Amino acid sequence: MVSVVVPAFNRAAAIVDCVRSIQGQTYQNWEAIVVDDGSTDGTPGAIAQLAREDPRIRLIRLDSNRGAQAARNVGIRAAQSEWIAFLDSDDQFLPHSLEARLNMTTKERVSVVHSGCYVVQEDGAMKPYRVDPMDGRIYQKLLGAEGPMFQGLLVSKDSLKRINYLDERIVAFQEWDTAIRLAKHFPFGFEPKPTFIYDCRNSDTISKNMVRGGKGYEQVLHKHYLAMMRYAGPRVLARHYRIAASWYQAGGDQRAVRRCNFMALVWASFDPETFLTKSRTLLKLAKYATLFKR
């Protein structure tokens, strides 16, 4: 059996379609654990009605809003299956989603599988969304770049126990942190066929909260700092800080932009390929140091 964990907060308008996509799977040996994260709308009532119609659907209600990671952990711990899949409450599985990824676990003999997806854009158009097809031992790759999305992950429950579940402190890029921690211990499989639909039209998605995105990116960067330095090197650390700066820039947090750009220049100065231009880099560092003090 597969346990599909769905964190939900004020998703009354989308949660039914989300759960229906689980019911429409070609692989039918599943349970859906919807963890209501303190919703104040009709989300719990909608799920309770679905659960009355289908005993494979379970509703767990939290007394307060604790965040998606905490809700996922509650669902993981309550799961009765050896396999855990994740689905966000405003997204949907494609019909073959569970079957295709389960087949991949058998074929590749792995405890973690991820997949590609379709993305629904602002204008409603649905297009393939490129997910880097990482497979095998991908720990070093994930230290250098983001990887799987939660909705594409199928993970053994024992693997999640091994990493002590999900880190509830991370506010964004949570799947990147989770993938890094899993990849440190387990090889990954990749299912090239899209297995879910990622709907990014909702105004409250994390990807649209740019400052939160920058903060989450920095959290993952700082958490895995030493490993990134060891396996990826200063150039990659500099690039990570530039990416974090771009998120803060889009969110208008100029102090955080200056901080991240300063750190990017610091790490770029240690890159052997920039050694010949070190004097120019040092001048930039002095400039950013001055700005950072303001």
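The values are calculated or read from the model by the stated rules, or taken from the named source; none is laboratory data. Bear in mind the structure is a predicted one, so any value in this text is a computation, not a measurement. Virtual Cβ from ideal backbone geometry, glycine too; neighbours counted across all protein chains shown.
When each of PRO133, PRO128 is tested for being closer than 29 Å to VAL236 by Cα, in a strand (DSSP E or B) and at pLDDT below 95, the lone residue that passes is PRO128.
Restricted to the range 168-244, the set of helices (runs of 4 or more DSSP H) holding at least 1 residues that are closer than 21 Å to CYS18 by Cβ and either of a type in the set (Ser, Thr, Tyr) or within 14 Å of the chain's Cα centre (by Cα) (or both) comprises 174-183. A count restricted to the range 244-261 and to residues that are of a type outside the set (S, T, N, Q) and surrounded by fewer than 19 Cβ atoms within 10 Å (Cβ to Cβ) stands at 5.
Against the test of being modelled with pLDDT under 90 and crowded, with 20+ Cβ neighbours inside 10 Å, the options ASP199, ASP204 yield a single qualifying residue, ASP199. With respect to (1) touching a residue at least 12 places away in the same chain (Cβ under 8 Å); (2) outside any strand (DSSP E or B), the lone exception for THR106 is condition (1).
For the range 1-10, enumerate the residues that are more than 15 Å from GLN151 (Cα to Cα) and buried (at least 20 other Cβ atoms within 10 Å of the Cβ).
Selection gives PHE9 alone.
Taking the listed residues GLY144, GLY214, GLY136, the one that is farther than 16 Å from PRO7 by Cβ, assigned by TED's automatic domain parsing to the domain that holds ARG259 and either in contact with a strand residue (DSSP E or B) (Cβ under 9 Å, 6 or more places away or on another chain) or in contact (Cβ under 8 Å) with a residue 40 or more places away in the chain (or both) is GLY214, with no other qualifying. Here VAL34, VAL19 are screened, and the one residue that is under 16 Å from LEU94 (Cα atoms), of a type outside the set (Asp, Glu) and assigned by TED's automatic domain parsing to the domain that holds SER156 is VAL19. Evaluated against (1) within 29 Å of ARG20 (Cβ to Cβ); (2) at pLDDT 95 or above; (3) outside any strand (DSSP E or B); (4) in contact with a helix residue (DSSP H, G or I) (Cβ under 9 Å, 6 or more places away or on another chain), HIS114 falls short on exactly one condition, (3). Right, ALA13: surrounded by fewer than 17 Cβ atoms within 10 Å (Cβ to Cβ), in the same structural domain as ASP91 (by TED's automatic domain parsing) and of a type outside the set (S, T, N, Q) or not? Judged against the criteria, ALA13 is a match.
Of all residues in the range 109-119, none satisfies being farther than 25 Å from GLU82 by Cα, free of Cβ contacts under 8 Å to residues at least 60 places away in the same chain and of a type outside the set (Val, Ile, Thr).
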